[in-house]
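Asks: Before I ask anything, let me first share the structure, which is written out below as structure tokens.
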Amino acid sequence: MNLNKTPLYELHKGAGATMVSFGGWEMPVHYATGILQEHLATRKTAGLFDVSHMGRFTVSGQDSLAFLQHVLSNNAAALQVLESQYTFIPTESGGAVDDAYLYRFIEEEYFLVVNAGNREKDWVHFQGFSTQFPNLNLVDQTKDIAMLSLQGPASKDMLRNILEDGDLPEPLRNQLSIATIAGTEVRIARTGYTGEPIGFELFFPAGNAVRIWNLLETLGATPVGLGARDTLRLEAALPLYGHELGMDAENREIPVFALSIARVAVSLSPLKFEFIGKNALTRQFHAMQKIINRDYTSVNDLPKMIRPVEITGKGIARAGDKVFAGKSLAGYITSGTMVPYWMFDKQGIYGRPLPQQAKRAIGLALVSSQLQDGDEIQVEVRGKRIGARIVPFHLRTEAPPYARPITCHDFSPIGPVGYSKATPLPGTVTALMRKAIENTRWRQQDCINLIPSEMTSSDCVRMLSIMDPAGRYAEHKPLKAFCDAEVFYYQGTDFIAEIEALLIKEFRKYLECAEVEPRVLSGQMANATVFSAIVDFLNRSDRKSEQRRIRSIMNHHIIKGGHLSSQPMGALRDFVARDPETERPAVVNFPVLPDNPYQTDIAATRMLIDRYKPELIIFGKSMVLHKEPVSEIRDFITDMEIDCLLMYDMAHVLGLVGPYFQQPFQEGAHIVTGSTHKTFFGTQRGMIAANYQKDMLGWQLWEAIQRRSFPGSTSNHHLGTLLGLLMAAYEMNAFKDEYQQNVISNAKAFAKALKACGLNVAGDPDIGFTQTHQVVVNVGYAKAPEIAKRLEENNIILNYQATPEEEGFTVSGALRMGVAEMTRFGMAPADFKQLAEWMYDVIVKDLPLKDKVAGFRKRFLKMNYCFRGDQLDELLQQVHGML
């Protein structure tokens, strides 16, 4: 039999690779270092795989989408340009002809990657349906296009080093880009078959394979053969056709939904119409839903499922070995081997792989659907049964840059917490008091606090917050029967009613708006309350039908600095509809400028608004350097006659509202939410504001917001901190002009000083890098957590943050800082210049400056922009005497 050879065949032989026949190709199974070292190299640095043996088909023509919807299990209509998805090629009975990956690099063409050994079978399968789609172009480009896979923590830096033009894909799985490497166009995908949280697959003309392979190997990528590719995918619990897909050990078809990954690879969207296997897959899907809830009434439609297995006895499980639950045959091992893994030096975000390594026997098994995580099983290995158990996973990938082996599965039940009726020992009580005093002294007298989401309250605010309303109740709501007069459910509430009325008055004055809801307890709760109220408002004419959600929303993506609470993973989750085409939450994100990912691209935003016509646009970020384009967007929706609500989540910048930053209602916002303890002077609470009058349609939305505040989201609304917030509002309205100007000038001075020291300051230098209280410094991919800890050890407190180019907080490469609190304690531009120099010394030179910083802080202990005087001192003493 003549075997196919990839463009890198001679290179593999020259490198001493052991070559084997695989799927009709002559491929390297391992190199001189061996499978175990190749596996470990991928997990610690980067593995380089020749996967040019995989089948590669291009699908184009007017009927391409209809064809793909018919022959694939996933919803191809959901793919936007520069997106990809995992999918199955289903059989009519709900099994798999193959599994595959579908890419959409350009508008007019789809690109499908299939398994090497199934390429010819898949081609024949597709040809059998192609006649139903006359305007279809299906081309096999397997031998024309090379395919490499670069997987592992260092892969991102390696690719960046050889990019000549273009960018890497956005830092989310399944994102794509097109770039230039070694003078050739390379299509890049954030996909892979190793379980690595950071990894790429590259597609380019076959003639350039050797050059690009050599470039990556020169940068330190380790060549990896098929052997380690298999151990890596097994550790990640990814299926392999012929093992977890196809026919089982008893020659029965394995149902697609036996795999947990089917949940993302199968779509039952109406957009797919009657695709191959739909009826069988629908039955499997409903059976899977029941099985998850331990309802086995439909288990015949899904009698067995693929589950990760860890071997607890001595031995190694292999494919085909029998699995027993007690005395009963429960299934078979589908894949099994011994895999190596790195030991880590620490738990948590600071953990890094040690030089030490270990091994463990693991597997995947097709076993009874009634088995649960933690169930003990036995695997028959060479006629002897050895201990094993079902586990949820072998590896976790949500904390890049490393894929982390999980060897600590704990299925023991949590028992009741013990307690003692004895009086706590005096030493316990005094230790608590002393530790609290010491922590307060350290934070308030030794540390420079640069966390932009924090603010120390004044003495008056703090003392008022612990006075008698604290711990009391004052639930109330307006009743139409009493002409909207507020009705309180408790007695003794006259004082707090007065306080709320005064607080609303002060916030109306500050925000220049008509209405304020102060009862929400946080910015997150404020947002959830507004989202809930919008849904209530949208359904006001129909209270009997299932309540529809918000159809389309525009916001800032969390990786571009957006607030967590405004994401589908946050407070927005239960209130946004699913896009019927993409089957994802109906959210479109603000585009950003190519040369400044912290600033919105207004022209591109207009086009998206015209296309998606959102019902809600949410401004506001947690990583914020620029003003929001409120007035521009308001003009857009007015010109386009779009019925759209503009909401500005001002959590971080609520204390900057005014002519020196932004005036949201004057610029066209409908609703403002925020936290009251970041740049604002207050206690930790939230607020909602709007500019609706009673004769406006929007007044019904405001009434919904009040209903969803109480009783919708709060009962006791923490009256002590409400009282403290009123004092903070008095302070803000009295001192805001000087405070706000100084905050912004200090932020600009700090940013410029950090830049002058040689640090990499983010933002636009033409505006002094920032228009807010925040400054962002890039310190290197995944280096920020360690550097932030080092700064803390030197009494400089800030927080690390992922930049818009990074995959998550565990690989944060930026320090996010705010100057508001230290401005309030009296620091001026010259002081921030000194601080910038010390930060450079800690970050770059690793100098110990703890005592020097503590001494510096002693100059800034007196709070400004708050009320003082003999009369207040006397009143504060009275409060102390009452407590």
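Asks: Suppose we filter SER453, SER532 for residues that are small (Gly, Ala, Ser), over 29 Å from LYS736 (Cβ atoms) and surrounded by fewer than 22 Cβ atoms within 10 Å (Cβ to Cβ); which single one remains?
Replies: SER532
Asks: Looking at region 572-590, I want the residues that are farther than 17 Å from LEU79 by Cβ and have a partner that is assigned to a loop (DSSP other than H, G, I, E, B) and among the acidic types (Asp, Glu) with Cβ atoms under 8 Å, at least 6 apart or on another chain. Which pairs are those?
Replies: PHE590/ASP601
Asks: From the list THR823, THR803, THR810, which one is assigned to a helix (DSSP H, G or I), β-branched (Val, Ile, Thr) and under 27 Å from the mean Cα position of the chain (by Cα)?
Replies: None of the others qualify; the one that does is THR810.
Asks: Does LEU172 qualify as being of a type outside the set (D, E, K, R), surrounded by fewer than 21 Cβ atoms within 10 Å (Cβ to Cβ) and either in contact with a Ser or Thr (Cβ under 7 Å, 6 or more places away or on another chain) or without any contact (Cβ under 8 Å) to a residue 60 or more places away in the chain (or both)?
Replies: Answer is no for this residue.
Asks: Out of LEU754, LEU701, report the one residue that is within 18 Å of ALA820 (Cα to Cα) and in contact with a strand residue (DSSP E or B) (Cβ under 8 Å, 6 or more places away or on another chain).
Replies: None of the others qualify; the one that does is LEU754.
Asks: Against the definition (farther than 28 Å from LEU268 by Cα and touching a residue at least 12 places away in the same chain (Cβ under 8 Å)), how does THR222 come out, yes or no?
Replies: Yes; evaluated as a whole, the condition is true for this residue.
Asks: While we're on this one: Evaluate region 285-298: report whether one residue or more is in contact with a strand residue (DSSP E or B) (Cβ under 7 Å, 6 or more places away or on another chain), surrounded by fewer than 19 Cβ atoms within 10 Å (Cβ to Cβ) and of a type in the set (A, V, I, L, M).
Replies: The answer is no, given that none of the residues of region 285-298 is in contact with a strand residue (DSSP E or B) (Cβ under 7 Å, 6 or more places away or on another chain), surrounded by fewer than 19 Cβ atoms within 10 Å (Cβ to Cβ) and of a type in the set (A, V, I, L, M).
Asks: Kindly check whether there is at least one residue in region 198-210 that is among the aromatic types (Phe, Trp, Tyr) and over 24 Å from the mean Cα position of the chain (by Cα).
Replies: For region 198-210, residues among the aromatic types (Phe, Trp, Tyr) and over 24 Å from the mean Cα position of the chain (by Cα): present.
Asks: Within region 795-817, identify whether any single residue is out of contact with any strand residue (DSSP E or B) (no Cβ under 6 Å at 6 or more places or on another chain) and over 26 Å from HIS556 (Cβ atoms), and answer yes or no.
Replies: Checked region 795-817: at least one residue is out of contact with any strand residue (DSSP E or B) (no Cβ under 6 Å at 6 or more places or on another chain) and over 26 Å from HIS556 (Cβ atoms).
Asks: Same structure again: What number of residues in region 836-866 are touching a Cys at 6+ places or on another chain (Cβ under 6 Å) and either within 26 Å of LEU464 (Cα to Cα) or among the basic types (Lys, Arg) (or both)?
Replies: Residues meeting the conditions: 0.
Asks: Quick one: in region 745-762, which of the residues that are open to solvent by less than 20 Å² (accessible area, probe 1.4 Å) and in contact (Cβ under 8 Å) with a residue 24 or more places away in the chain is nearest to the chain's Cα centre (by Cα)?
Replies: Filtering region 745-762 for residues that are open to solvent by less than 20 Å² (accessible area, probe 1.4 Å) and in contact (Cβ under 8 Å) with a residue 24 or more places away in the chain, the one nearest to the chain's Cα centre (by Cα) comes out as ALA762.
Asks: So, one more: Provide a single number: the residues in region 40-63 that are over 21 Å from ILE178 (Cα atoms), open to solvent by less than 10 Å² (accessible area, probe 1.4 Å) and polar (S, T, N, Q).
Replies: The total comes to 1.
Asks: Let me ask you something else. Does LEU159 satisfy the criteria of being of a type outside the set (Gly, Ala, Ser) and under 21 Å from THR803 (Cβ atoms)?
Replies: Here the answer is yes, as LEU159 does meet what is asked.
Asks: Separate question: If only one of LEU654, LEU625, LEU645 is open to solvent by 10 Å² or more (accessible area, probe 1.4 Å) and in contact with a strand residue (DSSP E or B) (Cβ under 9 Å, 6 or more places away or on another chain), which one is it?
Replies: Residue meeting the stated conditions: LEU645.
Each row is one residue, and each column tells you yes or no for (1) crowded, with 21+ Cβ neighbours inside 10 Å; (2) outside any helix (DSSP H, G or I).
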position: ILE89; (1), (2): yes, yes
position: TRP123; (1), (2): no, no
position: LEU138; (1), (2): no, yes
position: LEU150; (1), (2): yes, yes
position: LYS156; (1), (2): yes, no
position: ARG160; (1), (2): no, no
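Asks: Among the listed residues LEU502, LEU479, which satisfies the condition of being among the aliphatic types (A, V, I, L, M) and under 21 Å from GLY686 (Cβ atoms)?
Replies: LEU502
Asks: Is it the case, given these coordinates, that ARG211 is open to solvent by 10 Å² or more (accessible area, probe 1.4 Å) and part of a helix (DSSP H, G or I)?
Replies: yes
Asks: Can you name every residue in region 382-403 that is among the basic types (Lys, Arg), part of a strand (DSSP E or B) and farther than 18 Å from TYR193 by Cβ?
Replies: Scanning region 382-403 gives LYS384, ARG385, ARG389.
Asks: Would you say ARG548 is open to solvent by 20 Å² or more (accessible area, probe 1.4 Å) and in contact with a Gly (Cβ under 8 Å, 6 or more places away or on another chain)?
Replies: Criteria not met by ARG548.
Asks: Moving on to the next point. When you scan region 1-79 for strands (runs of 3 or more DSSP E) that lie fully inside it, which ones turn up with 1 or more residues that are of a type in the set (D, E, K, R)?
Replies: In region 1-79, the matching strands (runs of 3 or more DSSP E) lie at 25-30, 47-50, 55-60.
Asks: Which condition does ARG868 not pass, out of (1) open to solvent by 80 Å² or more (accessible area, probe 1.4 Å); (2) within 26 Å of ALA729 (Cα to Cα); (3) part of a helix (DSSP H, G or I), if it passes all the others?
Replies: Among (1) open to solvent by 80 Å² or more (accessible area, probe 1.4 Å); (2) within 26 Å of ALA729 (Cα to Cα); (3) part of a helix (DSSP H, G or I), ARG868 violates only (3).
Asks: If you take the residues in region 216-268 that are among the hydrophobic types (A, V, I, L, M, F, W, C), over 30 Å from the mean Cα position of the chain (by Cα) and open to solvent by 50 Å² or more (accessible area, probe 1.4 Å), which one is farthest from ARG283 (Cα to Cα)?
Replies: ALA249
Asks: If GLY570 satisfies every condition in (1) of a type in the set (Gly, Ala, Ser); (2) closer than 23 Å to TYR739 by Cβ; (3) open to solvent by 10 Å² or more (accessible area, probe 1.4 Å) but one, which is the exception?
Replies: Here GLY570 meets the rest and fails (2).
Asks: Separate question: Where residues in region 732-786 are polar (S, T, N, Q) and not in a helix (DSSP H, G or I), which of them is farthest from ALA399 (Cα to Cα)?
Replies: Here the residue is GLN771.
Asks: Another question, if that's okay. Quick one: in region 350-361, of everything that is under 20 Å from ALA399 (Cβ atoms) and touching a Lys or Arg at 6+ places or on another chain (Cβ under 9 Å), which residue is surrounded by the most Cβ atoms within 10 Å (Cβ to Cβ)?
Replies: Taking the candidates together, the pick is PRO353.
Asks: Can you tell me which residue among ILE633, ILE617 is among the β-branched types (Val, Ile, Thr), at negative phi and in a strand (DSSP E or B)?
Replies: After applying the criteria, what remains is ILE617.
Asks: Suppose we keep only residues that are surrounded by fewer than 10 Cβ atoms within 10 Å (Cβ to Cβ), within 30 Å of ARG389 (Cβ to Cβ) and of a type in the set (Val, Ile, Thr) within region 401-450. Which one would you say is modelled with the lowest pLDDT?
Replies: Taking the candidates together, the pick is VAL417.
Asks: What are the residues in region 1-23 that are open to solvent by less than 20 Å² (accessible area, probe 1.4 Å) and either farther than 30 Å from LEU395 by Cα or not small (Gly, Ala, Ser) (or both), if any?
Replies: Once the filter is applied, which keeps residues that are open to solvent by less than 20 Å² (accessible area, probe 1.4 Å) and either farther than 30 Å from LEU395 by Cα or not small (Gly, Ala, Ser) (or both), region 1-23 yields THR6, LEU8, HIS12.
Asks: Right, another one. Taking region 602-622 only, how many residues are among the charged types (D, E, K, R) and either under 17 Å from PHE769 (Cα atoms) or surrounded by fewer than 17 Cβ atoms within 10 Å (Cβ to Cβ) (or both)?
Replies: 4
The values are calculated or read from the model by the stated rules, or taken from the named source; none is laboratory data. All values derive from a computational prediction rather than experimental measurement. For neighbour counting, all protein chains shown are included, and Cβ atoms are generated from backbone atoms with ideal geometry for every residue, glycine included. SASA here: full protein model, heavy atoms, side chains in, ligands and nucleic acids out. Shrake-Rupley method; radii C 1.70, N 1.55, O 1.52, S 1.80 Å.
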